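S.K.: Quick one: the structure is below, and I'll ask about it shortly.
The values are calculated or read from the model by the stated rules, or taken from the named source; none is laboratory data. Given the structure is predicted, the values throughout are model-derived calculations rather than measurements. Ideal geometry is used to build each Cβ from the backbone, glycine not excepted, and the neighbour counts take in all protein chains shown.
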Amino acid sequence: MKLKRNNEVIELESRLSDNLLTGSVNENNIEFTILSSDDNILKLLHNNEIKEAIYTEDKDKYYVQIDGKQYIFNKVEDEEDVIAGVGESEDIENIIPPMPGTIIKVNVAEGDEVKEGDAVIVVEAMKMETNLYTRISGKVTKVNVKEGDRVDSDVILVVIEKE
């Protein structure tokens, strides 16, 4: 299967046998032992470390959270999806939630300066609070939500532009 994250195409293959999940990501082999599975939550053993993974999907995206970090992957149906791209410009970042949830805290306001890696918003989804971080340094140009708002996974919460 092909997925896309931040305009990078990822080739993913996986096999499940008993409780052993094996596969490859861009031809790099991986192996996890599934310790437990409940709804969309997996406890995994990888390189002698236990990891908790939460996952869900909608019509065109997969949402994965591992060790508090969230990853959003776009499904790639055909090569045109790869060429056209669905990501934002390198000068603009749209912060979106990893899955539907509730806004717990907004750490920024329009006009604020942020640095790469700053936590700009906190979202609660599936009984877990998740910090959403910026990947670029710049100025907050738009804040579209407030604390307590319920949001879907396709809503742009905050817009940040490089200066």
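S.K.: Does the range 50-61 contain at least one residue that is aliphatic (A, V, I, L, M) and modelled with pLDDT of 90 or more? Spell out how you get there, then give the answer.
M.R.: As a first pass, look at the range 50-61 and keep what is aliphatic (A, V, I, L, M): 50, 53-54.
Then keep just the ones that are modelled with pLDDT of 90 or more; that gives 50.
Within the range 50-61, one or more residues are aliphatic (A, V, I, L, M) and modelled with pLDDT of 90 or more.
S.K.: For the range 132-163: of the residues being of a type in the set (S, T, N, Q) and closer than 27 Å to E57 by Cβ, which is surrounded by the fewest Cβ atoms within 10 Å (Cβ to Cβ)? Break it down stepwise before answering.
M.R.: Just the residues of the range 132-163 that are of a type in the set (S, T, N, Q), to begin with: 134, 137, 141, 144, 153.
Next, only the ones that are closer than 27 Å to E57 by Cβ stay: 134, 144, 153.
Working: T134: 20, N144: 15, S153: 18.
In this case the residue turns out to be N144.
S.K.: For the subset of the range 125-159 comprising residues that are of a type in the set (D, E) and within 14 Å of the chain's Cα centre (by Cα), which member is farthest from I95 (Cα to Cα)?
M.R.: First, the residues of the range 125-159 that are of a type in the set (D, E): 129, 147, 149, 152, 154.
Applying the additional criterion that residues be within 14 Å of the chain's Cα centre (by Cα) yields 129, 152, 154.
On the way: E129: 16, D152: 12, D154: 10 Å.
Only one residue tops the list, namely E129.
S.K.: Further question on the same structure: Kindly establish whether K105 is in contact (Cβ under 8 Å) with a residue 40 or more places away in the chain, charged (D, E, K, R) and loosely packed, with under 14 Cβ neighbours inside 10 Å.
M.R.: Values: in contact (Cβ under 8 Å) with a residue 40 or more places away in the chain: yes; charged (D, E, K, R): yes; loosely packed, with under 14 Cβ neighbours inside 10 Å: yes.
Answer is yes for this residue.
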